[in-house]
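Below is one structure; the comments refer to it alone.
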Amino acid sequence: MKVKDKVILVTGAGGGMGRELVLNLIGKGARVVALDLNPTALQGTVEKAGELKDRVAPVVANITDRALIESLKDEVIGKFGQLDGLINNAGIIQKFSTLADTLYAEIERVMNINFYGTLYVLKTFLPYLLTRPEAHVVNVASMGSFLPVPGQVTYGASKAAVKLMTEGLMCELADTRCQVSVVFPGSIATNIQKNSGASKVEFTREQIEQYKGFLLTMPEDAAEVIVRGMERGKKRIKIGKDCKAMDKLTRLAPNLAGKLITKAMKGKIELD
């Protein structure tokens, strides 16, 4: 689905990859309903849109509140009079800790935002999207949905649930005019750790720039890959050399992949 002249709902639009998705989409001629929990961050996205800010309609909402999301259906669609696509981008990581040491409150928070939040938004808008001449649903999973990451077990489980739900949806909607994609980001250069409450450290743009390339993908580059994938009708959208490499290794030698990521994460749990 070409995004020009389409209306797309983007969750988690207040920063990071979500903000870049908004900016990328409006730059390609789309209009965007930008949803986020943080009104200040959301206003920052609108301001970043500059002369194209009339193409962005901000909506402040908590995606874990099912009743609230359902009540916003008419408002969201009414912002531009239609809705043609949905990008479920909102998500958090957990504080690095073993499953044995992770509190139930943290487990529930991660599952509520990453899985149930995605589910609530999807269930609310999917019936309408199925009435459109063409539509597209994009759910953001993670490299951690197919690769075990010690210290992020709950996060991985939440994203694995998103992955399988999306792949099941692909099968269910195969004969409809609504396309479905699942996104697997590798390491994206955002402050998701701080924004998730998993760390108090906030990285500057200069610090992030040092790790560009294999280790990190810049959020604006990730947004371009996602939107390009939408327009080309890709079902699986992998972002970053790290994601692509580990995807192949996990398929060929899953035990080796597990050992490598465990070695790479050694000390991370204690440090954070």
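Tabulated values for the structure
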| quantity | calculated |
| --- | --- |
| Given (1) open to solvent by less than 20 Å² (accessible area, probe 1.4 Å); (2) modelled with pLDDT of 95 or more; (3) more than 17 Å from GLY18 (Cα to Cα), index of the condition PHE80 fails | (1) |
| LYS200 vs. criteria at pLDDT below 95 and more than 13 Å from ILE93 (Cα to Cα) | yes |
| The range 121-143, residues that are touching a strand residue (DSSP E or B) at 6+ places or on another chain (Cβ under 9 Å) and part of a helix (DSSP H, G or I) | VAL121, LEU122, PHE125, LEU126, TYR128, LEU129, MET143 |
| Boolean, ILE113 is open to solvent by less than 50 Å² (accessible area, probe 1.4 Å), within 18 Å of the chain's Cα centre (by Cα) and modelled with pLDDT under 95 | no |
| Selection within the range 24-47 - touching a strand residue (DSSP E or B) at 6+ places or on another chain (Cβ under 9 Å) and assigned to a helix (DSSP H, G or I) | LEU25, ILE26, PRO39, LEU42, GLN43, THR45, VAL46 |
| Matching residues, the range 226-247, being under 13 Å from LEU25 (Cβ atoms) and either open to solvent by 10 Å² or more (accessible area, probe 1.4 Å) or in contact with a Pro (Cβ under 6 Å, 6 or more places away or on another chain) (or both) | ARG228, GLU231 |
| Residue match in the range 156-174 (condition: crowded, with 19+ Cβ neighbours inside 10 Å, modelled with pLDDT of 95 or more, hydrophobic (A, V, I, L, M, F, W, C) and not in a helix (DSSP H, G or I)) | no |
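The values are calculated or read from the model by the stated rules, or taken from the named source; none is laboratory data. Model, not experiment: these values are computed from the prediction. Methodologically, a virtual Cβ is constructed for each residue, glycine included, from the backbone with ideal geometry; neighbour enumeration extends over all protein chains shown. These accessible areas exclude ligands, DNA and RNA; they are computed on the full protein's heavy atoms, side chains included. Shrake-Rupley method; radii C 1.70, N 1.55, O 1.52, S 1.80 Å.
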